[in-house]
Amino acid sequence: MTDQSNTPTTSSVRSGGRAARRAARAASLPDDMRPIRPGLSGGTFKPLSDADIARIHDAALEALETIGLADAPESGVEILTGAGAILGEDGRLRFPRAVVEDALALACRDITLFGRDAMYDMHLNGTRVHYGTAGAAVSMVDVAGRNYRESQLQDLHDAARIAHQLDNLHFVQRPMVARDIVDNKEMDLNTIYACCSGTTKHVGTSFTEPSFVPDAFEMLHMIAGSEAAWRARPFVSNSNCFVVPPMKFATEACQVMEACIRGGMPVLLLSAGMAGATTPSTVAGAITQATAECLAGLVYVNAMQPGHPAIFGTWPFGLDLRTGAMSIGSAEQALLSAGCAQMHQFYGLPGGAAAGGADSKLPDMQAGWEMMCTNVTSGLAGLNMVYEAAGMHASLLGFCHESLILGDDLIGHAMRVVRGIEVSEETIALDQMREVCLGGPGHYLGTAQTLARMESDYVYPRLGDRTSPKEWAEKGKPDLVEKAIARKEAILAERSPARFDAETDTKIRARFKIHLPS
């Protein structure tokens with residue numbers, strides 16, 4: 001009988017391998033060795049050829065020169081004509097090519113969007129990709145009841161708190177409207193409070209009226225510690241729909257933009273036309289109009305303050321021409337946002353567009369394919385800021401906390417695709433093939449190289465299930481949405497790490513009507 005006392009059994013070998021893998025996963029990797037991280041470079045997906053880009057650029061310049069934009073505020077007319085734009089008898093401002101070219105020469109090409117915590121700073125240039133929330137949803141998805149209800153300030157605060165804990169959400173632009181606050185000024189101020197007390201990542205927000213901006217800056221100076229501290233590291237940006245497509249300025253939004261620029265706040269120049277309704281129905285036509293409108297915005301910003309940080313926000317949306325409904329989760333949306341990313345890179349400007357939203361009403365299979373399709377293509381196209389990347393449903397009408405959490409897993413895999421394939425002598429691994437196949441164990445499980453790279457090369461889902469059917473059944477057949485609910489509840493059970501210190505919070509509450517409980 002053979003003595004097997006020193007021969008490891010199959011189960012112990014497997015157990016040892018699992019233990020080693022668990023130990024490797026538990027070890028914290030430095031940021032530069034993580035398989036995914038903010039600012040990975042995309043740019044490999046190019047649906048537009050160089051000739052296509054040149055034609056769109058020329059058409060955008062022609063549109064600005066011959067069509068122009070209407071409805072600029074008086075202050076905007078003064079600023080833009082001072083930069084060389086021409087006010088016609090029809091009230092439209094037209095932009096000679098030289099005026100646009102001068103603005104492009106002055107524009108900021110390397111923007112840092114700061115977090116309250118410097119670890120969340122985002123550097124926007126080239127094809128560096130960042131994912132985050134955005135939108136103005138008016139409803140919350142109740143996944144348990146399969147219903148929709150009005151969104152409230154607490155929902156917004158909770159969304160910021162949840163996003164703060166999600167590694168693959170790099171910024172928090174307000175994703176919903178606090179419909180329980182009827183006074184617009186109080187809503188705008190409480191939006192800032194709810195977001196900034198929920199996360200120390202960069203925050204984006206909007207303002208309903210220009211007269212609300214000074215009080216917002218007063219609050220932000222209190223949060224930062226002083227006006228000088230705010231201006232050194234502005235951690236909130238203004239999402240500004242400065243145009244009403246097609247080719248009209250939004251008068252009050254332009255005045256808001258002027259106030260934000262004077263206060264040192266970065267701006268997102270947002271053109272959000274709908275293909276077939278407020279832009280041409282063709283993908284190329286929608287990109288052309290959005291490009292023209294954002295170039296006009298660029299002239300505006302740099303005429304006020306040369307080099308002020310402004311994100312080139314071409315956000316054309318798809319439309320289901322059968323019904324007139326927005327189709328944010330469509331293949332056409334993927335092409336729109338990817339093509340816009342190429343235009344940003346053509347100009348050498350930091351840019352953003354929408355991707356990751358779903359037309360589906362719930363976090364189901366339809367939502368999964370819609371969200372992944374546009375998130376992957378936008379990342380591969382090198383879009384600097386991927387807005388609305390998680391949590392958005394019902395063609396942007398609904399927001400879902402559970403979907404936000406599931407989106408963290410989804411975006412992680414999208415980011416791994418963006419990172420791509422590294423080809424080197426080490427990764428080709430011919431030496432490993434020799435060791436394993438010529439006298440070795442005949443497999444790569446447990447080798448030093450496999451263990452060394454299992455965390456730096458592979459992304460593992462936090463909630464996604466990869467067990468066998470047998471293991472899945474033994475664990476009680478866990479449901480993905482139920483796991484997301486459990487994680488949401490765990491996050492919200494803890495106090496927000498971004499909450500303000502007691503002295504600052506007291507001062508803010510003494511000065512402003514804050515609707516969240518202290």
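The values are calculated or read from the model by the stated rules, or taken from the named source; none is laboratory data. Just so we're clear, the structure is a prediction, and the values are computed from it rather than from any experiment. Using ideal geometry, Cβ is built from the backbone for each residue, glycine included, and neighbour counts are taken over all protein chains shown. Surface areas here come from the heavy atoms of the whole protein model, side chains and all, with no ligands, DNA or RNA. Shrake-Rupley method; radii C 1.70, N 1.55, O 1.52, S 1.80 Å.
Tabulated values for the structure
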| quantity | calculated |
| --- | --- |
| Cα gyration tensor shape for the range 91-188, rounded if a/c is under 1.5, else prolate or oblate | oblate |
| Amide H contacts of SER237 (H built 1.01 Å from N, under 5 Å, at least 5 apart or other chain) | VAL203, GLY204, THR205 |
| For the chain, projected area of the alpha-carbon convex hull averaged over all directions, nm² | 29.2 |
| Interchain or long-range residues, amide H under 5 Å from ARG149's placed H | MET140, ASP142 |
| Within-14-Å neighbourhood charge of THR191 [Cβ basis; K, R +1; D, E -1] | -4 |
| Chain lengthening between ASP479 and TRP369 when straightened (0.36 nm per residue, less Cα-Cα) | 37.8 nm |
| Computed label-point distance, nm, for sites ALA510 and ALA331 using a 7 Å Cα→Cβ extension | 6.1 |
| Using alpha-carbon coordinates, inclination of helix 153-164 to the longest axis of the chain, degrees | 50 |
| Most to least accessible of CYS373, CYS294 (protein chains only, probe 1.4 Å) | CYS373, CYS294 |
| Hull volume in cubic angstrom per residue (convex hull over the Cα atoms of the range 428-518) | 201 |
| Test item: Cα-centred dipole of the chain, Lys/Arg +1 and Asp/Glu -1 on Cβ, debye | 1280 |
| The chain, accessible surface, carbon-and-sulfur percent (1.4 angstrom probe) | 54 |
| Accessible-area order (highest first, 1.4 angstrom probe) of the listed residues ARG116, ARG161, ARG92 | ARG116, ARG92, ARG161 |
| The range 344-444 - accessible surface per residue (Å², probe 1.4 Å) | 37 |
| Karplus-derived 3J(HN,Hα), 6.51/-1.76/1.60, for each residue of the range 437-445, Hz, glycine and proline x | 8, 9, x, x, x, x, 8, 9, 5 |
| Size of charge dipole - the range 364-513 - debye, nearest 20, with Cβ of Lys, Arg +1 and Asp, Glu -1, no other charges | 600 |
| Rg and Dmax [Cα atoms of the range 272-395; Å; Rg one decimal, Dmax integer] | 14.4, 47 |
| Mean Cβ neighbour count within 10 Å, used as a protection proxy, ranking 356-363, 210-217, 122-129, 387-394 highest first | 387-394, 356-363, 122-129, 210-217 |
| Aspartates and glutamates with Cα under 14 Å of LYS361, excluding same-chain neighbours fewer than 8 positions away | ASP142, GLU370, GLU402 |
| Principal axes of the range 453-505: Cα extent on each, largest first, Å | 54, 32, 13 |
| Nearest 10 degrees, 0 to 90: helix 213-224 Cα axis against the chain principal axis | 40 |
| Neighbourhood charge, 10 Å Cβ-Cβ cut-off, centred on SER496 and excluding it, Lys, Arg +1 and Asp, Glu -1 | +1 |
| Rounded, prolate or oblate (a/c below 1.5 giving rounded, otherwise prolate when a/b exceeds b/c) for the range 147-230 by Cα gyration tensor | oblate |
| Expected 222 nm ellipticity per residue - DSSP helices of 4 or more, -39500 (n - 2.57), all of the chain, to 500 | -14000 deg cm²/dmol |
| Two-site label geometry, GLU218 and GLU150: point separation in nm, points 7 Å out along Cα→Cβ | 2.8 |
| Among LEU463, LEU438, LEU451 - extreme Cα towards positive end, dipole of the range 365-485, charges at beta-carbon | LEU463 |
| Over the range 402-467: Kirkwood hydrodynamic radius from C-alpha pairwise inverse distances, Å | 14.2 |
| Amide proton proximity set for GLY356, modelled H, under 5 Å, gap of 5+ | THR374, ASN375 |
| Electrostatic dipole magnitude of the range 391-455 [Cβ: Lys, Arg +1; Asp, Glu -1; Cα centre; debye, to 20] | 120 |
| Residue order for LEU336, LEU319 - accessible surface, 1.4 angstrom probe, largest first | LEU319, LEU336 |
| The range 51-110-the range 262-333 distance, computed between alpha-carbon centres (Å) | 15 |
| Charge tally in the Cβ shell below 10 Å around TYR131, where Lys, Arg are +1 and Asp, Glu are -1, TYR131 excluded | -2 |
| HIS413 - accessible surface, heavy atoms, 1.4 Å probe, Å² rounded to 10 | 50 |
| Value of Rg/Rh across the range 269-315 [Cα atoms, Kirkwood radius] | 1.06 |
